[in-house]
Number of protein chains: 2
Amino acid sequence: MYTTDTIIALSTPPGSGAIGVVRLSGTEAISLVNEVFTGKDLSVQQSHTLHFGLIKDGGVVIDEVVVGLYIAPKSYTKENVVEISCHGSNYIIQQLINLLIKKGARAAKPGEFTLRAFLNGAFDLSQAEAVADLIASDSRASHDVAMQQMRGGFSNELKGLREQLIHFASMIELELDFAEEDVEFANRGELRNLITRLLSHISLLISSFEVGNVLKNGVPIVIAGKPNVGKSTLLNALLNEERAIVSDIAGTTRDTIEDELNINGIIFRFIDTAGIRESADIIEAKGVERTLERMKQAKLIIYMADAAQSPAELTQQLADLEKLGIPYLALVNKADLLTAGQRQAFASHDVLFLSAKEKIGVEELKTSLLEKVNLHHINTSETLVSNIRHVEALKNTETALHKVLDNIDNPVTSDFLAMDIKQALHYLGEITGTVTTDDLLENIFSKFCIGK
Amino acid sequence: MYTTDTIIALSTPPGSGAIGVVRLSGTEAISLVNEVFTGKDLSVQQSHTLHFGLIKDGGVVIDEVVVGLYIAPKSYTKENVVEISCHGSNYIIQQLINLLIKKGARAAKPGEFTLRAFLNGAFDLSQAEAVADLIASDSRASHDVAMQQMRGGFSNELKGLREQLIHFASMIELELDFAEEDVEFANRGELRNLITRLLSHISLLISSFEVGNVLKNGVPIVIAGKPNVGKSTLLNALLNEERAIVSDIAGTTRDTIEDELNINGIIFRFIDTAGIRESADIIEAKGVERTLERMKQAKLIIYMADAAQSPAELTQQLADLEKLGIPYLALVNKADLLTAGQRQAFASHDVLFLSAKEKIGVEELKTSLLEKVNLHHINTSETLVSNIRHVEALKNTETALHKVLDNIDNPVTSDFLAMDIKQALHYLGEITGTVTTDDLLENIFSKFCIGK
């Protein structure tokens, strides 16, 4: 899988801006750039230095740039790395990359810089994965979870677990060498204690995923309700801006519009949906279909009714909703139009009254959201597993360790015990990348952005 | 206007990516970053060096970063400059900037880095403006025009013109000192020749704007026609992708969708518009209004008819279009459904036959577009004025120089002549920024992106 050819990619987000950074890594990174750079001879410069000059394609000036040099192994990838800061024009960036590809560089695959860093031992696999999470982080919670993982918190915990297991594995291997003498170097009582402790630790890690996952990805919330009850207006009120087109025509919202709200450092992803109703309009019909799909992915549904609806109708709607099995929060909108008596009629339903248009009750709704999804008191300095791949590996480890326990209680020969312990070590090793396959790496790094 | 306080901004495009670069400039740039950077003491490092470390807010790690140092005056702004390369997460960038603002930096205004570079004499005003054009450049043509201007091509030409005028201005000033002796140090014949040469040069520059402007901004083209003749399909065929939602329902396109096509290095901006028809639907009615607005801004209108329409109807439509006074190109779409005889009936109109859906005739259309807007043979190494402010200043210079000519022909006292020459010098100086006002600078740099 590992090659040392020179790869190139835009490392800053696409789009025009003051600066764009094009990154190269590989044996020839410096010499390739040197061919098109006027200013200094880059091949005789020191590592960690910056150089101003022109990038020229023959006689044509592509840009005035600053070139940053990192000489192997003192770089992110541990290879020679060059970062070219150019003017942030798409055209310039494209020309620059094309020119260096013409000179012999190759367009980097997604995550290929980080893959090389991992393969060259700069960090382990779960740390590499945290780099992608860190880039995607958009809130205090998701940042802290990713940073903890990237800085090695999770890795160290796994390393601790592995080391204890490895100690016993080697003892049992030793027993195999002396198989004919029937000795026990590994104390079965101690092993049992260790496995039990590991299992409870791993179980905690696995159960941390539910929180880790929503902290990382945000809490998906669907705003549902009949057409024209004010769903888009509520979204606007929550986001405090005119995000969705709001008009008086029922069925205006045709696309599911997604927007995010940060409440106490946690991201709530609000998914506004096409009103649920039968529609002869094919564009809108597609929207309704999508609404049901979206609702099933939500962690919570905000179901919105209109003050003008009858409480009996709301009862029916909530009963329908309950069949989906997803937690919901019922709202009665346009509540400023209700008398106290009319409110009373809704009261049996545990609803929140608000007026999205007048922005009455919106703050109360935010508080209810935090409570409803049970995320008031989160300690992000603890290890929270936030990666589905890690959870899978932990579950596999758990299964293997349970087998070890069974085998201690129902004594088997040392070689069976050794096999199950090795299996557990294998699954733990998958997380940190001690054990990898090309497919696994391909799968992980293909989800990275290009340029990282 | 000029201050040396330390400014900060994200210099790469917003959005998540592998790397984000936050830039600081000002007296305290290095010392401020040093307060939150762990790794090395930045205050004792050399200019043009890179340093790896952590940015911490108290105990909280915000990110692992690389810091690039530029010590005044060896920087873009000629002040101390620090560039922090962090992980390209919006959250991290926001935290990083907030932290440094808390430490004493100030959020930079749009273009403030480049403004400082100009005020510190790194380049003249027309070159500063070219920086923004270069960033916005999205084609060979717009890149070459901006690069030529940024590298000083236009500035040198203006400098040449100014120097010749200044020579005569100083001669005439001398005459004023000896006013009582009635001598002529400045030869009126030579002055007349010079002014005539300058005028013809300036007139060339002014007339280059028509080309310079479309090379810079793209050629705006409106695709118009009755609903459902296939305008969105044509746009998709031209762009070779599914850009607009295409459906069989007349009036699907509600927003004007803008997209760009690069033909021979020149950008054509295609503006797809809501079908022109009377509509009871308020959303669509807004679209139709916007269509007419857009048509008036176009350099060319592609008027699209349907093969099923009668040639007589097309005649009427083209007659209506002619009233707008904008060049147009008539297309008959779905032409694959026409017999040769039916084609004949349209032939009196100089129409192009095509089938957008079948992608027949699309390449021919591209060729016709280049011809119709008269941009086959452009030499971008010549100076092309592409900035409306420069054209205004050149026109003012022209007026002042014409006055000088009049005053040579109808002799006036030297002081009048001197005044008009000074006026011409003033307008030329506005372009390069020899003459500026705070309002002018504010106006120019407010159009820059933040971080440049």
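The values are calculated or read from the model by the stated rules, or taken from the named source; none is laboratory data. All values derive from a computational prediction rather than experimental measurement. Cβ placement follows ideal geometry from the backbone for every residue including glycine, while neighbour counts extend to all protein chains displayed.
Laid out as a table, the results:
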read-out	value
Lone unmet requirement of (1) farther than 22 Å from A:Gly68 by Cβ; (2) in contact with a strand residue (DSSP E or B) (Cβ under 6 Å, 6 or more places away or on another chain); (3) basic (Lys, Arg) for B:Lys109	(2)
A:Gly152, sole failed condition from (1) within 30 Å of A:Glu79 (Cβ to Cβ); (2) in contact (Cβ under 8 Å) with a residue 40 or more places away in the chain	(2)
Test: residue in segment A:43-54 that is in contact (Cβ under 8 Å) with a residue 12 or more places away in the chain, away from every other protein chain (no Cβ under 13 Å) and of a type in the set (Ser, Thr, Tyr)	yes
Single match in B:Asn262, B:Asn228 (criterion: assigned by TED's automatic domain parsing to the domain that holds B:Ala298, under 28 Å from A:Tyr91 (Cβ atoms) and either at pLDDT below 80 or not charged (D, E, K, R) (or both))	B:Asn262
Filter result (within 10 Å of chain A (Cβ to nearest Cβ) and either part of a strand (DSSP E or B) or modelled with pLDDT under 95 (or both)) within segment B:60-82	B:Val60, B:Val61, B:Ile62, B:Asp63, B:Glu64, B:Val66, B:Gly68, B:Leu69, B:Tyr70
Any pair with Cβ under 7 angstrom, 6 or more apart, that starts in segment A:21-32 at a residue that is closer than 20 Å to B:Glu83 by Cβ and ends at one that is assigned to a helix (DSSP H, G or I) and of a type in the set (Val, Ile, Thr)	A:Val22/A:Ile93; A:Val22/A:Ile97; A:Leu24/A:Val33
Inter-residue pairs, beta-carbon under 8 Å, first within 14 Å of chain A (Cβ to nearest Cβ) and part of a helix (DSSP H, G or I) and in segment B:430-452, second buried (at least 19 other Cβ atoms within 10 Å of the Cβ) and of a type in the set (Val, Ile, Thr), 6+ apart	B:Phe445/B:Thr114
Residue list for segment A:83-117, filter: within 13 Å of another protein chain (Cβ to nearest Cβ) and assigned to a strand (DSSP E or B)	A:Glu83, A:Ile84, A:Ser85, A:Cys86, A:His87, A:Gly88
Residue count, segment B:48-69 (criterion: more than 25 Å from A:Thr77 (Cβ to Cβ) and crowded, with 17+ Cβ neighbours inside 10 Å)	0
Test: residue in segment A:395-407 that is within 14 Å of another protein chain (Cβ to nearest Cβ), surrounded by 19 or more Cβ atoms within 10 Å (Cβ to Cβ) and either in contact with a Gly (Cβ under 8 Å, 6 or more places away or on another chain) or at pLDDT 90 or above (or both)	no
Residue within segment A:165-188 that is modelled with pLDDT under 85, within 24 Å of the chain's Cα centre (by Cα), at negative phi and surrounded by fewer than 22 Cβ atoms within 10 Å (Cβ to Cβ) present	no
Where A:Gly111 falls short, out of the listed (1) closer than 30 Å to A:His390 by Cβ; (2) in contact with a helix residue (DSSP H, G or I) (Cβ under 6 Å, 6 or more places away or on another chain); (3) surrounded by fewer than 24 Cβ atoms within 10 Å (Cβ to Cβ)	(3)
Residues satisfying the stated conditions in segment A:119-151, i.e. more than 10 Å from chain B (Cβ to nearest Cβ) and not aliphatic (A, V, I, L, M)	A:Asn120, A:Gly121, A:Phe123, A:Asp124, A:Ser126, A:Gln127, A:Glu129, A:Gln149
Whichever residue in segment A:23-47 is aliphatic (A, V, I, L, M) and surrounded by fewer than 21 Cβ atoms within 10 Å (Cβ to Cβ) and, among such residues, is farthest from B:Leu134 (Cα to Cα)	A:Val44
